[in-house]
Amino acid sequence: MAWDTPTYDTYPDPVYRFVDFVGELFSWGLAGGSAVHFIKGLRGSSSGARLASAANAVRQNAPRVAGKFGAYCVFLCAIENAVSFASGRDDDCTAAAAVGTTCGLYGMRRGGGAPAAARWALLGATGCLGMDYAAMVWEISKYYEEMNRSQPVPIVRRPEPGCGPPRWFRMPPFVTREKDHHGTSEC
């Protein structure tokens, strides 16, 4: 890609970011669905036609998985934009609410009613917040690593013998008294 080629980040319109995000998740679903269904096709066929069966499984199932990923991404983006527009801010809580709602819709689609939707929503929201927290910790650790790298390493010198704290500041040696077999000390 050339340097003068514009990217979606330079456009102020969120529609381009939306299209890019949906296309990216569609691609991830296509790649993941291809890998999973290729392995399933290899394992679930007779020994003579394993490769043909795996390719057939990918051809039949990977577009379906990619379409589901793209559809859930459309729900996720729509809900996240609605929540951020309604609340007037765009932060981790709006993303967690959108992911939780999308996962709740997924739980309802799979069956199980409201309890399944609540479980999936809780799982999605906590997963989103956990990943955001992990990313924040990662960025902070990288910041401190860079900050420590830019500072010179301090030189630590051992004190010379006879040098140390003043005599009045020194602690007396710690002496323990041995206990006899009854648990009392020998005083």
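Here the accessible area is traced with a 1.4 Å probe on the protein chains. For segment 1-151, carbon and sulfur cover 65 percent of it.
Along segment 20-33 the Karplus relation, 6.51 cos²θ - 1.76 cosθ + 1.60 evaluated at θ = phi - 60°, assigns HN-Hα couplings of 5, 5, 5, x, 5, 5, 4, 5, 4, x, 5, 5, x, x Hz to successive residues, with x for each Gly and Pro.
Please report the spacing between the Cα centers of segment 68-144 and segment 30-49 in Å, no decimals. Using only Cα atoms, the two centres lie 31 Å from each other.
Counted residue by residue at 0.36 nm each, then reduced by the alpha carbon distance between them, the extension gain from Glu24 to Ala134 reaches 37.4 nm. The overall shape of segment 52-124 is oblate: from the C-alpha gyration tensor, with semi-axes ordered a ≥ b ≥ c, the ratio a/c is 1.5 or greater and a/b is no larger than b/c. Once backbone amide H atoms are built at 1.01 Å from N, Ser45 has no partners under 5 Å, excluding neighbours fewer than 5 places away on the same chain.
The values are calculated or read from the model by the stated rules, or taken from the named source; none is laboratory data. Quantities reported herein were computed from a predicted structural model and do not represent experimental measurements. Each accessible area value is taken on the protein alone, full model and side chains, heavy atoms only, with ligands, DNA and RNA left out. Shrake-Rupley method; radii C 1.70, N 1.55, O 1.52, S 1.80 Å.
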